[in-house]
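Here's the structure we're looking at; comments come further down.
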Amino acid sequence: MDLLDRLRFFDLTDGIALGLLVLAWVIIDWLIERPNAKRLSVTVLMADYRREWMRQFPTRDPRIFDATILGSLREGTSFFASACLIALGGGLALIGNTERLLGVAEDFSIDAPVVIWEAKILLILAFLANGFLKFMWANRLFGYCAVVMASAPNDESALAYGRAAKAAEINIRAARSFNRGLRAMYFALAAMAWLLGPVALILATALTLLVLWRREFASHSRAILLEGRTP
């Protein structure tokens with residue numbers, strides 16, 4: 001069965017739902033990461049706090065506090081990377097077992113060929129794979145940040161502040177990759193709704209967008225971060 005034969009199992013509604021999912025993923029990333037937006041996201045606001053963290057870093061003695069925070073950040077990336085890897089393994093195992101796929105179809109009372117279920121699960125796995133790669137890169141960047149921080153001398157010299165500034169930018173990029181991985185997991189959950197049909201996928205995409213927008217632009221934590229902040 002070639003690609004065209006597989007595509008005939010999907011209708012226009014499936015294409016629209018899939019297009020909206022991908023478009024929503026791209027747009028929310030762009031909205032969240034815009035540093036020059038009039039309404040800043042929590043991600044952008046936290047980048048300023050990360051820079052302030054590194055400005056305070058050279059004056060802190062001992063620096064075990066900073067090392068502990070960075071270690072906890074790396075543990076978070078490792079945890080989510082492991083979760084993605086386990087989910088990927090489960091999804092690949094499900095695709096490799098046709099009988100299980102047919103059993104899932106019967107549970108949902110949906111009469112559809114196996115190829116449809118394979119395609120829908122592959123979409124979920126694509127988001128999970130993207131999340132895994134983002135988490136792994138974030139973990140590596142946090143490691144780079146730790147090395148740069150360790151290279152800063154134990155004084156308040158220009159060299160120490162320069163190394164701290166570099167560590168801040170690497171830290172921000174690591175956090176950005178980590179947040180992209182989290183959003184990929186959100187959309188992987190939304191993609192699971194496609195198992196119930198295109199309408200369910202559209203509704204899940206809208207709900208995912210609403211949740212992400214609220215947490216980045218209308219949450220109580222964002223209001224706290226903005227308190228006392230000068231433009």
Condition broken by residue 186, with the remaining ones in (1) in contact with a Phe, Trp or Tyr (Cβ under 9 Å, 6 or more places away or on another chain); (2) modelled with pLDDT of 95 or more; (3) open to solvent by less than 60 Å² (accessible area, probe 1.4 Å) satisfied: (3)
Matching residues in the stretch 26-46 - criterion: being open to solvent by less than 60 Å² (accessible area, probe 1.4 Å) and in a helix (DSSP H, G or I): 28, 29, 31, 32, 33, 42, 43, 44, 45
Boolean, residue 229 is of a type in the set (Lys, Arg), within 16 Å of residue 29 (Cα to Cα) and surrounded by fewer than 21 Cβ atoms within 10 Å (Cβ to Cβ): no
Search result, residues across the stretch 47-64 that are touching an Asp or Glu at 6+ places or on another chain (Cβ under 9 Å) and either part of a loop (DSSP other than H, G, I, E, B) or among the acidic types (Asp, Glu) (or both): 60
Selection status of residue 5, in a helix (DSSP H, G or I), open to solvent by 30 Å² or more (accessible area, probe 1.4 Å), modelled with pLDDT under 90 and more than 30 Å from residue 159 (Cα to Cα): yes
Candidate set: the stretch 47-78, residues that are of a type in the set (D, E, K, R) and open to solvent by less than 50 Å² (accessible area, probe 1.4 Å); chosen: the one farthest from residue 131 (Cα to Cα): 63
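Can you tell me which residue within the stretch 77-114, out of those that are among the β-branched types (Val, Ile, Thr) and modelled with pLDDT under 65, is nearest to residue 183 (Cα to Cα)?
104
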Any chance residue 67 is of a type in the set (A, V, I, L, M), at pLDDT 95 or above and in a helix (DSSP H, G or I): no
Pair list, Cβ under 8 Å, 6 or more apart: the stretch 137-154 residue free of Cβ contacts under 8 Å to residues at least 40 places away in the same chain and under 15 Å from residue 72 (Cα atoms), other residue surrounded by fewer than 19 Cβ atoms within 10 Å (Cβ to Cβ) and of a type outside the set (Ser, Thr, Tyr): 141/173
Members of the stretch 131-181 that are within 17 Å of residue 59 (Cα to Cα) and open to solvent by 60 Å² or more (accessible area, probe 1.4 Å): 150, 154, 155, 156, 158, 159, 161, 163, 166
Residue list for the stretch 177-231, restricted to those being in contact (Cβ under 8 Å) with a residue 12 or more places away in the chain and of a type in the set (D, E, K, R): 180, 183, 215, 216, 222, 229
Test result for residue 201, open to solvent by 10 Å² or more (accessible area, probe 1.4 Å) and assigned to a helix (DSSP H, G or I): no
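The values are calculated or read from the model by the stated rules, or taken from the named source; none is laboratory data. Everything numeric in this text was worked out from a predicted model, so none of it was measured. In this analysis, Cβ positions are derived from the backbone assuming ideal geometry, glycine residues included, and neighbour counts consider all displayed protein chains. Ligands, DNA and RNA are excluded from the accessible area calculation, which covers all protein heavy atoms including side chains. Shrake-Rupley method; radii C 1.70, N 1.55, O 1.52, S 1.80 Å.
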